[in-house]
Structures are given as C-alpha cells and as structure tokens.
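Taking it in order: structure first as structure tokens, then the write-up.
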Amino acid sequence: MLSTAQNKTIAAGEKLTFSASYNMSGLLNELAQVTMETSEVKTSKSTLLKLKCTAATYSKWDSFFKIRDLYESYVSPKTLTPYLYNRDIDEGGYKKFMKYKFNHKSRTVSSLKRKKRRDGTDWEEKKTVKIGTSTRDLVTTLYHIRNLDIHKANVGDSQNFTVLFDNVESVVTIKYLSKETINTALGRKECYKLAISINNSDVLKGNNANLLWLTADQNKVPVYAKFKIAVGSGELKIKSATGLKY
Amino acid sequence: MKKLFIVLGFITAILALILAVTPLSKIAYIPSIAALIFGVLALVTSKDKHSGKKSIQLIFLMTIIALILTTYKAIFNTVEVGNTEQLEQKEEQLEQESIDELEGLEIDE
C-alpha cells in the first residue's frame, strides 16, 4: 500500500520559491510568488512535519486582484500520512477556509468549511466525509509525488492518486513521459517529465498539457510546471531552493 | 479609406495607452504596433491631400508614449511580493490552532 511508503525525500527546513506566470496572448506576465516550505512541529506526544504552500501576488497586482493563499498539511515525517489540513484562501476578496481532520482508523475526514457572506458575517459547515485507504489532501499529494520511486519506473508508466478537495475525492493520474534536460534558475538539470491529469474534472485542459518537471536526483525538486486551464495557460518556474535533503 | 485608418489608429492607440498604465503593460505592445501600422497606412493614403495630418500625429504621439511607458516598466519594474504581514500572522495563528488540534488527535507513527 502506498500510504505506508517510507519518506526518503522530504526533510524539515526545506524552502522552495517559485514564480507563477500567466500566459496572455503569448506574453508571459509574472503574477505571483509561490512558496513550498517544510518545518518540524512538535506536539506533546509526537513530532510532525508541516508542509506549507503559500501564494501571494506581486505588489503591482495587489490593487487589482490580490491573492493571499495558504495551504498547509501536518503529516507524519516517516510516511507523509496527513493528519490535519488547512486551506485559507483570499483571492480578490473571496475568502474561504477549509480544515480536514483525518482519522485513518475509521477512514473518515471531519471537514470544516468557513466562508464569508456578503454582509461580512461568517458561516460554517461541518461534515464527515468517507475516504479511501490512500486518500490524501492536495499538499500532501504534491509532496508525495516527489517521494515516488521514479527512477524505477519506465517511460509511459502512470499512477493514480486520490485527492480530497472541497470535500470531494478526485483521482489524479501522474504519467511519466520522459527524461528531459532543461535550464532552470538552479542550473541545467536533468528532469523527469510528468503529465498530470484529473479524472472526471475539467479544471485542467488538454491532453498531456499539464506538465511537471522534477529533477532526476534524490531530491526530486519540482523546477518547472506548465498548466492549461479554461481561461488560458501558465507556468511555474523555480527561483530558489534551500535546505534540500541531499 | 484614410478616415477608417485614422479611426482604427485612434482606437488602438488609446487601448495601448490604457493598457500601458495597468499592470498588464506588456500586452500594450500589441495595440501599439497595430496603432503604428494604422498610422503609417493613414499617412500613405493621405499623401496627396494636404488636409488633416494633426490626427495622425496624435496617433503617433499616443503610441510612442504608450511604448515608452511599457518599455520603461518592463525594464525598471522589478517583481516583488507586496505586503504579506497579514498572511504571516494568519500562518502563525493557524499553526498555534493546529498544534492544539493535533494534541487531540490520535497519531500513530
């Protein structure tokens, strides 16, 4: 089973910074800074790994469309099994908060959704969602992809992951396309080229148009990503990476 | 014919100017180039007549301002993240909340 796979890649204290651009009629506009950070979190009984992703628009966009998104997940440092997931988004004034508490024994997630009404008051929705054995949240899935044994996979292999998003489980397929050497801010890197698709969803468009490049070393750093959505396409480029394990 | 080019030139030049002042300034290159082409076409079609060069000059003027502004922005504006204080506060608060929450959860390592 996948969820018990050992974590060999992700260490605490790692910080990756990306720049997200949106492609408008052939011209790339740098939109936002995306970071992926890991840190250690201690409770009285155990030590957990905190995976945090944030997105913040660059200052020139703030008066037009300000984004301050926070996605985080508290996982077991050994197996990357998620226990708690928070999503707090603010996208141009649209605010939403989601919290999942994973109970792996009963295979349920208690979710809490908090939204702001137009008049400024909050409303909450609590729900218990049944999940499968290997269902993860979005953040954990992103990190889990880096923990896969891609060096053992053959070109053309694919694997499915179940991701819980907005209280709905969706199946995400990752396909190993090829090895490619690309230029990045970290230098010229040999990378694994992966295609991502979401089954039964039309968020991501095109066939093999949503791509992810992970460095073909032990760190498997995501260095470049391309995505295609209904209103255009964009890309994510790495700017810096610190605190890597190897 | 000349009138059509002048009208099109005006529309694209104004569009270029508007885009140039927004954060989307890079896109202003497209209407700028269109405005220049329409301006030149208007000049060519009005060669023999002596009337109304002013509006064509205005098109060129606006386009050049738009181009200068866009180029200036592209060269000198560095991309940086704005104020993230609120986000950082939220992060801290959430971490505190989450630790409390995690204390109550059963975690088997």
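The values are calculated or read from the model by the stated rules, or taken from the named source; none is laboratory data. This is a predicted model, so every value here is computed, not measured. Reconstructed Cβ throughout: ideal geometry from the backbone, glycine too, with neighbour counts over all protein chains shown.
For the range A:108-127, the set of residues classified as under 18 Å from A:SER73 (Cβ atoms) and either among the aromatic types (Phe, Trp, Tyr) or in contact (Cβ under 8 Å) with a residue 24 or more places away in the chain (or both) consists of A:VAL109, A:SER111, A:LYS113, listed by residue number. The condition of being in a loop (DSSP other than H, G, I, E, B) and either of a type in the set (A, V, I, L, M) or farther than 30 Å from A:LYS101 by Cα (or both) holds for only one of A:ASN219, A:ASN154, that being A:ASN154.
This table checks each residue for (1) at the interface with chain A (Cβ under 8 Å from one of its Cβ atoms); (2) in a helix (DSSP H, G or I); (3) of a type in the set (S, T, N, Q).
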position	(1), (2), (3)
B:ILE27	yes, yes, no
B:ILE30	yes, yes, no
B:GLN57	no, yes, yes
B:ILE64	no, yes, no
B:THR71	no, yes, yes
B:GLU88	no, yes, no
B:LEU94	yes, yes, no
B:LEU102	yes, yes, no
B:LEU105	yes, no, no
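Given the criteria among the β-branched types (Val, Ile, Thr), within 14 Å of the chain's Cα centre (by Cα) and buried (at least 20 other Cβ atoms within 10 Å of the Cβ), does A:VAL139 qualify? Answer is yes for this residue.
So that you can scan it fast, the table gives a plain yes or no per residue for (1) surrounded by 15 or more Cβ atoms within 10 Å (Cβ to Cβ); (2) at pLDDT 95 or above; (3) under 30 Å from A:VAL109 (Cβ atoms):
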{"residue": "A:ILE145", "(1), (2), (3)": "yes, no, yes"}
{"residue": "A:ILE150", "(1), (2), (3)": "yes, no, yes"}
{"residue": "A:PHE165", "(1), (2), (3)": "yes, no, yes"}
{"residue": "A:LEU177", "(1), (2), (3)": "yes, no, no"}
{"residue": "A:ILE198", "(1), (2), (3)": "yes, no, yes"}
{"residue": "A:VAL221", "(1), (2), (3)": "yes, no, yes"}
{"residue": "A:PHE227", "(1), (2), (3)": "yes, no, yes"}
{"residue": "A:TYR246", "(1), (2), (3)": "no, no, no"}
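For the range A:108-121, indicate whether the set of residues that are in contact with a Phe, Trp or Tyr (Cβ under 9 Å, 6 or more places away or on another chain) and surrounded by 20 or more Cβ atoms within 10 Å (Cβ to Cβ) is non-empty. Yes, some residue in the range A:108-121 is in contact with a Phe, Trp or Tyr (Cβ under 9 Å, 6 or more places away or on another chain) and surrounded by 20 or more Cβ atoms within 10 Å (Cβ to Cβ). Could you please find all residues in the range A:88-103 being touching a residue at least 40 places away in the same chain (Cβ under 8 Å) and of a type outside the set (A, V, I, L, M)? A:TYR100, the sole residue that qualifies. Name the single residue that is nearest to the other protein chains (Cβ to nearest Cβ) among those in the range A:18-70 being within 16 Å of the chain's Cα centre (by Cα), crowded, with 18+ Cβ neighbours inside 10 Å and among the β-branched types (Val, Ile, Thr). The residue in question is A:THR54.
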